[in-house]
1. Restricting the search to the range 194-222, which residues are open to solvent by less than 20 Å² (accessible area, probe 1.4 Å) and either touching a Cys at 6+ places or on another chain (Cβ under 7 Å) or more than 13 Å from the ligand (Cβ to nearest atom) (or both)?
2. State yes or no: is Glu77 at positive phi, open to solvent by 10 Å² or more (accessible area, probe 1.4 Å) and either in contact (Cβ under 8 Å) with a residue 12 or more places away in the chain or not β-branched (Val, Ile, Thr) (or both)?
3. Return yes or no: is Thr55 open to solvent by 30 Å² or more (accessible area, probe 1.4 Å), at pLDDT below 95 and either more than 26 Å from Gln159 (Cα to Cα) or within 13 Å of the ligand (Cβ to nearest atom) (or both)?
4. Could we say that Ile56 is in a strand (DSSP E or B), among the β-branched types (Val, Ile, Thr) and under 15 Å from the mean Cα position of the chain (by Cα) here?
5. Have a look at Glu43, Glu60, Glu99 and point out the one that is away from the ligand (no atom under 13 Å from the Cβ) and either among the charged types (D, E, K, R) or open to solvent by 60 Å² or more (accessible area, probe 1.4 Å) (or both).
6. From the list Arg70, Arg119, Arg90, which one is more than 21 Å from Ser165 (Cβ to Cβ), more than 16 Å from the ligand (Cβ to nearest atom), basic (Lys, Arg) and open to solvent by less than 40 Å² (accessible area, probe 1.4 Å)?
7. Any idea which of (1) of a type in the set (D, E, K, R); (2) on the phi < 0 side of the Ramachandran plot; (3) surrounded by fewer than 19 Cβ atoms within 10 Å (Cβ to Cβ) is the one Arg25 doesn't satisfy?
8. With respect to Gly226, is the statement that it is closer than 23 Å to Glu176 by Cβ and over 27 Å from the mean Cα position of the chain (by Cα) true?
Amino acid sequence: MIIEVPYYHQTHQEKEVFIHVFRNRMPLLLKGPTGSGKSRFVEYMAHQIEQKLITISCHEETSSTDLIGRFIIKGAETVWVDGPLTTAVREGAILYLDEVAEARPDVIVAIHSMTDHRRELFIDKLGERVKAHENFMLIASFNPGYQRGFKELKPSTRQRFVALSFDYPEPKIETEILINETGVDKEVAKKLVSIGGKIRNLTELGLTETVSTRLLVDAAKLIHSGLPKRLSCHVGIVEPLSDDAQTIESMKDLVDLMI
Ligand code: ADP
């Protein structure tokens, strides 16, 4: 359970969409670049609707067994342990699969039956069918920006979800987020947001991922705690984005002109 209200600034009508998706027991897909507020949104909404939240950060090794459960040996006995998907399905929680496209393909197969009218999980190792608890909700996130071919989500999977797009917020909102998250003053927040905007527009830098709100928050935190502004931007924004010396230099020059 999320006890404290997470800070979340709405950017479109995502809160309203979420409420209706939950009410209709539909699965939700959050699309958008890393650091654009997807996880924060889920935490905030879980708090709003007073539901338990189970978050799984998917990676190449995440398999359906990790989600559904496995037999483990305990002393002389073999006992079954539910995985997070099974727990959420039985108890009625929100299961948030962060970066679902990273997971092994059998994860997608495992969640298919949870994304249609059946809302039923088949646990083959137990030969058991579990009907989802009324409050079970499946949310997945994925980053369409990655150009890694097979890590795309298939249309047949995507179309099982209601989908919401996330992007970096407009400057006014992003400035507010920086102030709220870090306590940094408005002038500095505005400058950081301008730096973010400038780098985002420099497509010629060829960055795989550009400046996220998260990176701006990081730089703001460092500044607020007393690290010099330029240095904070170099280590908080520039360095995480690239390993190419020339690209780093260009971004540092730009930062030094702006803050
Ligand atoms: P994602 O899950 O998309 O990778 P996060 O939800 O972890 O991104 O967001 C990264 C950080 O950016 C958050 O910890 C928060 O500080 C900030 N953030 C981004 N968008 C928002 C928003 N709309 N409201 C509040 N904070 C935000």
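1. Within the range 194-222, Ile195, Ile199, Ala219 qualify.
2. Details: at positive phi: no; open to solvent by 10 Å² or more (accessible area, probe 1.4 Å): yes; either in contact (Cβ under 8 Å) with a residue 12 or more places away in the chain or not β-branched (Val, Ile, Thr) (or both): yes.
Here the answer is no, as Glu77 does not meet what is asked.
3. Values: open to solvent by 30 Å² or more (accessible area, probe 1.4 Å): yes; at pLDDT below 95: no; either more than 26 Å from Gln159 (Cα to Cα) or within 13 Å of the ligand (Cβ to nearest atom) (or both): yes.
Here the answer is no, as Thr55 does not meet what is asked.
4. On the way: in a strand (DSSP E or B): yes; among the β-branched types (Val, Ile, Thr): yes; under 15 Å from the mean Cα position of the chain (by Cα): yes.
In short, yes.
5. Of Glu43, Glu60, Glu99, the one residue that is away from the ligand (no atom under 13 Å from the Cβ) and either among the charged types (D, E, K, R) or open to solvent by 60 Å² or more (accessible area, probe 1.4 Å) (or both) is Glu60.
6. On the way: Arg70 fails: open to solvent by less than 40 Å² (accessible area, probe 1.4 Å); Arg90 fails: open to solvent by less than 40 Å² (accessible area, probe 1.4 Å).
It is Arg119.
7. (2)
8. On the way: closer than 23 Å to Glu176 by Cβ: yes; over 27 Å from the mean Cα position of the chain (by Cα): yes.
It is true that Gly226 is closer than 23 Å to Glu176 by Cβ and over 27 Å from the mean Cα position of the chain (by Cα).
The values are calculated or read from the model by the stated rules, or taken from the named source; none is laboratory data. No experiment lies behind these values; they were computed from the predicted model shown. Virtual Cβ from ideal backbone geometry, glycine too; neighbours counted across all protein chains shown. When the accessible area is computed, the model is the full protein with side chains, heavy atoms only, and any ligands, DNA or RNA have been set aside. Shrake-Rupley method; radii C 1.70, N 1.55, O 1.52, S 1.80 Å.
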